[in-house]
1. So for the range 175-190 (the condition being in a loop (DSSP other than H, G, I, E, B), more than 13 Å from Ile209 (Cβ to Cβ) and not hydroxyl-bearing (Ser, Thr, Tyr)), does at least one residue qualify?
2. In the range 405-419, is there at least one residue being under 20 Å from Ala327 (Cβ atoms), open to solvent by 70 Å² or more (accessible area, probe 1.4 Å) and either assigned to a helix (DSSP H, G or I) or in contact (Cβ under 8 Å) with a residue 24 or more places away in the chain (or both)?
3. Can you pull out every residue in the range 121-169 that is open to solvent by 20 Å² or more (accessible area, probe 1.4 Å) and either among the basic types (Lys, Arg) or in a loop (DSSP other than H, G, I, E, B) (or both)?
4. Report, by residue number, each residue of the range 29-51 that is within 16 Å of Pro168 (Cα to Cα), hydrophobic (A, V, I, L, M, F, W, C) and open to solvent by 50 Å² or more (accessible area, probe 1.4 Å).
5. Does Thr226 satisfy the condition of being polar (S, T, N, Q) and more than 24 Å from the chain's Cα centre (by Cα)?
6. Just checking: which of the helices (runs of 4 or more DSSP H) contained wholly in the range 271-374 hold 3 or more residues that are crowded, with 20+ Cβ neighbours inside 10 Å?
7. I need the full set of residues from the range 332-381 which are over 48 Å from the mean Cα position of the chain (by Cα) and on the phi > 0 side of the Ramachandran plot, in order please.
8. Taking the range 169-227 as the region of interest, how many residues are farther than 16 Å from Phe156 by Cα and among the aliphatic types (A, V, I, L, M)?
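The values are calculated or read from the model by the stated rules, or taken from the named source; none is laboratory data. Note that the structure is predicted; figures quoted are calculated from it, not measured. Glycine gets a Cβ as well: all are built from the backbone with ideal geometry, and neighbour counts include every protein chain shown. Keep in mind that these areas ignore ligands, DNA and RNA; they rest on the heavy atoms of the full protein, side chains included. Shrake-Rupley method; radii C 1.70, N 1.55, O 1.52, S 1.80 Å.
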Amino acid sequence: MDVQESAISTDRVSPSTKLQVQDPAVLSEVERLLAGRTRDIRLKGKLRLLFQERSWPRTAKIVRAWMTWVVVLDVVTLALNAILLPKAIALSMLLPACLLPPAAMATAFVWQRPRAQWLQRISIIAGLFLIFLSVALVGVSAGGEFYERHLNIMLFVAITAIIIFGVPLNWTVTVASLALGLYLVFQLQNPSLEKGSAVAATLFFASGIIATVVARRTMTILAQKTFLLELRDRSRVAELADANARLERLARTDPLTGISNRRWMMETLDHLWSDGMERRGCAMLMCDIDEFKNLNDRLGHAEGDRCLVKVAGIIQSSVRRNRDHVARYGGEEFLIVLPGVDEREAIAMGERIRGSVEAASLPNPASRVLPYVTLSIGVAAQRPGDEIIPPERLQNQADAALYLAKQAGRNRVVLHKAGALGT
């Protein structure tokens, strides 16, 4: 079974592939694989690309570190041999040992960054083959007790590479076959060993290497399963976060008009005042639809709802986008917060909104003001440098000014003044 491990990618994974975790087809495939047996897991298509993208850096780092340490150990071993062994034996080991460092460093260089799959495959297989050959030839050149010892060391090196290199299974099998092939060839030429014994020794070590390859395959499948579980968990967390965000939006949005509701406005005021907005100046407009009860009684609640939606839209389109805040505060009341606005600008804004609503000519035949929908607006402002007052008090001042606008005949904008109605 050809289980593809993560480390190798044919090309760099495109940015769009990173987003495929939310692709319904990908998520469906994840669920299908996790519902089956672990040993049957096979990653294909987008899933395989995602797995490669995530795992390549880790595998490449392991390959580079392994190659570097093999070079270090080779150099240290040569130095010790030069000190501890007879000069003739040490010199015989020198030339074949010099084959290892360039092979290892060339492989490490290829794995510095993602490259074409064929190049990575050749670098791993050719690099390990040359390393195995170098270790074996050191023993063959020295002869005697070093002959079989270095062949065993070569197999040990092969086993470590098979275990820790997360490469596709067919690459692993190729590496294992090369190591066993070299072992058999050199053992058959071993003058101190009969051919039957050479074959028996090869079969013995083959069983161990096959077990190692099977273990590597199992590690690969478990890594892929962990990846699938993480994808599923990430998808579920994203779905939960999205659902929570929708609930939060619903909790802060007026369902009829689509603008913010009173709860959101209270939170916004707390946030603005905690950020020191009152020191930079702020104005509030309390708006109320005139004779709204009469409109409902005459035209019905459906028409009243349509009126609220249209008035909310007019107000929303009149304020400064991304700066001002509008909320439906009550039945037919709207609260507008204008950060950084003084009294004059606030009155001008109120007049613009009032005039726009009147110009819309929304029918209200039962109104005692005009046969159209009109607004009364109360304005209160916190000027920079004035005594800081809490948002609740500024809101009460705007509400008091609205009351005065109602008393004065409606369809007008009234500014709160100190001492008015005891505020």
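1. Filtering the range 175-190 down to residues in a loop (DSSP other than H, G, I, E, B) leaves 189-190.
Remaining after also requiring more than 13 Å from Ile209 (Cβ to Cβ): 189-190.
From what is left, the residues that are not hydroxyl-bearing (Ser, Thr, Tyr) are 189-190.
For the range 175-190, residues in a loop (DSSP other than H, G, I, E, B), more than 13 Å from Ile209 (Cβ to Cβ) and not hydroxyl-bearing (Ser, Thr, Tyr): present.
2. There is no residue in the range 405-419 that is under 20 Å from Ala327 (Cβ atoms), open to solvent by 70 Å² or more (accessible area, probe 1.4 Å) and either assigned to a helix (DSSP H, G or I) or in contact (Cβ under 8 Å) with a residue 24 or more places away in the chain (or both).
3. Once the filter is applied, which keeps residues that are open to solvent by 20 Å² or more (accessible area, probe 1.4 Å) and either among the basic types (Lys, Arg) or in a loop (DSSP other than H, G, I, E, B) (or both), the range 121-169 yields Arg121, Gly144, Arg149.
4. Taking the range 29-51 first, the residues within 16 Å of Pro168 (Cα to Cα) are 39-45, 47-51.
With the extra rule that they be hydrophobic (A, V, I, L, M, F, W, C), the set shrinks to 41, 43, 47, 49-51.
The one that is within 16 Å of Pro168 (Cα to Cα), hydrophobic (A, V, I, L, M, F, W, C) and open to solvent by 50 Å² or more (accessible area, probe 1.4 Å): Leu49.
5. Numbers: polar (S, T, N, Q): yes; more than 24 Å from the chain's Cα centre (by Cα): no.
Taking the combined requirement at face value, the residue does not satisfy it.
6. Details: elements: 277-280, 292-299, 301-318, 343-360.
Qualifying helices (runs of 4 or more DSSP H): 301-318, 343-360.
7. Listed by number, the list holds a single entry, Ser361.
8. Counting residues in the range 169-227 that are farther than 16 Å from Phe156 by Cα and among the aliphatic types (A, V, I, L, M) gives 12.
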